[in-house]
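Below: the structure, in structure tokens.
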Amino acid sequence: SYGSLVNLALWLERAGKAFPDNPAVALGEKVFQRYGKLSDRAGRLAGGLQRLGLKPGDRVAICSRNRPEYVEAMYGPWWGAFSTVPIDAKLHGTEISYILENSGAKACFVGPELESLISQHAPKSLDHLVVFGGPAYEKIFAGNSISIRHTKPDDLAWLFYTSGTTGRPKGAMLPHRSLYAMALAYHSDIDPASSSDAIIHAAPMSHGSGIYMVPHVLAAACNIIPETGGFDPPEIFRLANAWTGSSLFAAPTMVNRMTNCTANPPQPGFRAIIYGGGPMYVEDARAALDRFGPCLVQIYGQGESPMTITVCNRHTIADKTHPRWLERLASVGIANSAVDVRVADTDNAKLPTGSTGEVLVRGDAVMKGYWKNSDATTETLEGGWLHTGDIGSFDEEGFLTLKDRAKDVIISGGSNIYPREVEEVLLKHPGVREASVIGRPDPEWGEILVAYIVAQATELELDALCLQHIARFKRPKVYVYVEELPKNNYGKIVKTRLREMDST
């Protein structure tokens, strides 16, 4: 237990008192809020939610592209002992509706660009839909600030919905304890930051980049939102020049785009480029290292253990003189200090060095379970360990190399896509008899979706069907029509055979 020092908003209150004039949030090159103002608004936001009738423990959703209000929208609910439900702004309306309904969110902060979409799909259980920057949003801040409410270490802070293997996402319950441990490990393992540093939020703040708000608020560092609200390499370079000591979290595909960008890289450069969310090919890592210098840090994590399974730090990645440098570059590093990691057999028994098995994780950073899904919680946290579904092996120096993903997840552009979710949509078409979706290695996206189908349906029809039911980025990029899919003796489609077919 961390005693009373557990509510994540305490770090914002501390920064507001000790560094009131420090830039806390910036929009492009301009300061949007300083820490004194941000702390005050978080307290007022908490009070406003209380006046709307929310009780401690209630969920507050956020569905928006990256924008400067995102930071206060995260910390205000924490201040009042509410929890947040950040939702991927790229999701389909029906997917957003499911998350809002399943989480039981009482209020949702929404970007203006998504107001119409979410209004159409808002469940009856949602009491308040509040548009960032609108009159209803500013009215919430009209009252007085309230004192930070005490929370226990296991009180829910962040409800993160992961893609579901059964077509429905699961809500990973991350308590204050998880993000507290993650933030301390960030400073010790990944990227020590100070009050003069900054982070550029070029990746979605509903995911890893937003999670990294926490260690930066702890350090009273600045959170920079690109004016485009997203990822544009020349803009990122300009911001890194304007805000020295800048880091960013990026999917490998984003790192590759920065590496290949013709614009001049920032000088003196990035404090850190932290990459994860998918495999980074060794040649791509070498090219990025040559372009940006010794600032690369690799992390491996999951929504269930956010950003906190292993880390390969900048010194390891940059140490070309090490005899096993290329092997280390191909690994995902050593165990994060916030967790215990092992490779185990099917009985959860620890395997010896060099053996291949499932990667298991336990520690304060790990989620406490899935929201309203006790069966999935029991299965995933069997024996007190998080079962990642990833297959890997440790070498004698403690470096973990991933071999495969037992759960068949496809990681495209840093986003997790589960084949079954896409397959279920394709099978809605009356002309599709069978469908199986796999990932094909791709130099730009990491992987692209390839759908093998037994069907009498056109690609245009299938694309339109996907757009009706799932997010655009989950559509197959390629359709391969076959007479039959490879199956085992039990009639189950064998994806390993499909991958072999696809690679020839």
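Under unit Cβ charges (Lys, Arg +1; Asp, Glu -1), what dipole magnitude, rounded to 20 debye, does the chain have relative to its Cα centre? List each step's numbers first, then the result.
On the way: 51 positive and 56 negative charges, 226 e Å.
Dipole about the Cα centre, nearest 20: 1080 debye.
Placing dummy labels 7 Å off each Cα toward the beta-carbon, the span from Q456 to E138 is 6.1 nm.
Estimated from helices alone, the mean residue ellipticity of the chain at 222 nm is -8500 deg cm²/dmol (sum of -39500 (n - 2.57) over DSSP H runs with n ≥ 4, per residue). Computed over neighbours whose Cβ is under 10 Å from that of P169, the net charge equals -1, Lys and Arg +1, Asp and Glu -1. Taking Kirkwood radius over Cα pairs in Å as calculated from this structure, the corresponding entry among (1) 25.6; (2) 24.4; (3) 23.5 is (3). Selection among S116, T162, Q468 by position relative to the dipole of the chain gives S116 as farthest towards the positive end (Cβ unit charges, Cα centre).
Where nothing but the Cβ of Lys and Arg (+1) and of Asp and Glu (-1) is charged, how large is the charge dipole of segment 10-57 around its Cα centre, in debye to the nearest 20?
Details: 9 positive and 4 negative charges, 40 e Å.
It comes to approximately 200 debye.
The lysines within cross-link reach of K477, meaning a Cα-to-Cα straight distance under 23 Å and a gap of 8 or more places when in the same chain, are K90, K407, K428, K495. Considering only P441, F231, V71, the residue lying farthest towards the positive end of the dipole of the chain is V71, judged by Cα position with unit charges set on Cβ.
Under 1.5 on a/c is rounded, so check that first for segment 138-229, then, if it is not, pick prolate when a/b is larger than b/c and oblate when it is not; a ≥ b ≥ c are the square roots of the alpha carbon gyration tensor eigenvalues.
On the way: a/c = 1.27, a/b = 1.11, b/c = 1.14.
Rounded, since a/c falls under 1.5.
Computed extension length for T401-T94: 106.8 nm, one decimal, from 0.36 nm per residue of separation with the Cα-Cα distance subtracted. Maximal additional length on extending the S119-T228 stretch stands at 36.8 nm, based on 0.36 nm per residue less the C-alpha distance. Which percent, to the nearest 5, of DSSP beta bridges fully inside segment 134-267 are antiparallel? Here the share of antiparallel DSSP bridges comes out near 50 percent.
Solvent-accessible surface (1.4 Å probe) assigned to Y161 amounts to roughly 20 Å². Between A242 and H187, the FRET efficiency estimated from the beta carbon spacing at R0 = 30 angstrom works out to 0.80. In segment 290-403, taking the dipole from charged Cβ atoms about the Cα centre, the farthest positive-side position among V343, G389, V297 is held by V297. Summarising the amide proton neighbourhood of V480: residues at separation of 5 or more, or on other chains, whose placed amide H is nearer than 5 Å comprise A451, Y452, I453.
Rounded to the nearest 5, the antiparallel percentage of DSSP beta bridges internal to the chain is 60%.
For the chain, carbon and sulfur atoms together expose 50% of the accessible surface, with a 1.4 angstrom probe and every protein chain in place.
Net charge in the neighbourhood of L381 (other residues with Cβ under 13 Å of its Cβ; Lys, Arg +1, Asp, Glu -1) is -1.
State, as an integer percentage, the relative contact order of segment 310-436 based on alpha-carbon contacts under 8 Å between residues 6 or more apart.
So the answer I get is 20 percent.
Taking all protein chains as they are arranged and a probe of 1.4 Å, the heavy atoms of E13 leave approximately 50 Å² accessible to solvent.
Calculate, in nm to one decimal, what L27 and H322 gain on full extension: separation in residues at 0.36 nm each, minus their alpha carbon distance. Present the calculation step by step, with values, prior to reporting the outcome.
Numbers: separation 295, 0.36 × 295 = 106.20 nm, distance 4.10 nm.
So the chain would gain 102.1 nm between L27 and H322.
Between H315 and I493, the modelled labels are 4.8 nm apart [label points 7 Å from Cα along Cα→Cβ]. For segment 51-99 versus segment 278-316, the inter-centroid distance based on Cα atoms is 29 Å. What is segment 1-73 by shape, rounded, prolate or oblate, if you read a ≥ b ≥ c off the alpha carbon gyration tensor as root eigenvalues and call it rounded for a/c under 1.5, prolate for a/b larger than b/c, and oblate otherwise? It is oblate, given that a/c is not under 1.5 and a/b is not larger than b/c. Computed over protein heavy atoms with a 1.4 angstrom probe, the accessible surface ordering of W11, W445, W371, largest first, is W445, W371, W11.
Sort H128, H150 from largest to smallest accessible area, using a 1.4 Å probe on the heavy atoms of the protein chains. Show your work: numbers first, answer last.
Working: H128 50, H150 120 Å².
My answer, sorted largest first, is H150, H128.
Between E424 and D463, the modelled labels are 2.5 nm apart [label points 7 Å from Cα along Cα→Cβ].
Residues Y35, Y418 ordered from highest to lowest accessible area at a 1.4 Å probe: Y418, Y35.
The values are calculated or read from the model by the stated rules, or taken from the named source; none is laboratory data. Since this is a predicted model, take the numbers as computed values, not measurements. Here the Cβ is made from the backbone with ideal geometry for all residues, glycine too, and neighbour counts use every protein chain on show. These area figures cover heavy atoms from the full protein model, side chains too; ligands, DNA and RNA do not enter into them. Shrake-Rupley method; radii C 1.70, N 1.55, O 1.52, S 1.80 Å.
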